[in-house]
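Down below is the structure, laid out as structure tokens.
Just so it is clear, none of the values below were taken in a lab; they were calculated from the coordinates. The structure displayed is predicted, hence computed values, not measured ones. So basically every Cβ, Gly included, is an ideal-geometry build from the backbone, and we count neighbours across all protein chains shown.
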Amino acid sequence: MNEQVTDKIPPGFSRWDSSEHLKTDEDMRLYLEACFAEAGDDPAFIAKALGNVARAKSMTQLAKDTGLGRESLYKALSGEGNPSFGTILKVTNALGLKLTVAS
């Protein structure tokens, strides 16, 4: 089996899950601001960050609010998927987020 180094977790450690630490709307806002600042031109990074916020809030509720399937949301927001801009807009709206333009 050809495992990547990142898949190996030493005994006594667990994989970090940022969604477990996003407790308040302010936490989520600051997290997303930091992710947008860090992402550069990497859309998968932003999709993954939105997925972490969605999991923190409730992916099941997000599926209901967007009308999209829960499994398809997990895939689209995993950082491995390629969500359409329409999906991103539905997700941000359902999460109560507003996309703004700044210069």
Hits in the stretch 83-103 (condition: touching a residue at least 12 places away in the same chain (Cβ under 8 Å) and either part of a loop (DSSP other than H, G, I, E, B) or among the small types (Gly, Ala, Ser) (or both)): Pro83, Ala94, Leu95, Gly96, Leu97
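Only one of Thr24, Thr60, Thr92 is surrounded by 13 or more Cβ atoms within 10 Å (Cβ to Cβ), β-branched (Val, Ile, Thr) and out of contact with any Pro (no Cβ under 8 Å at 6 or more places or on another chain); which?
Working: Thr24 fails: surrounded by 13 or more Cβ atoms within 10 Å (Cβ to Cβ); Thr60 fails: surrounded by 13 or more Cβ atoms within 10 Å (Cβ to Cβ).
Only one candidate qualifies: Thr92.
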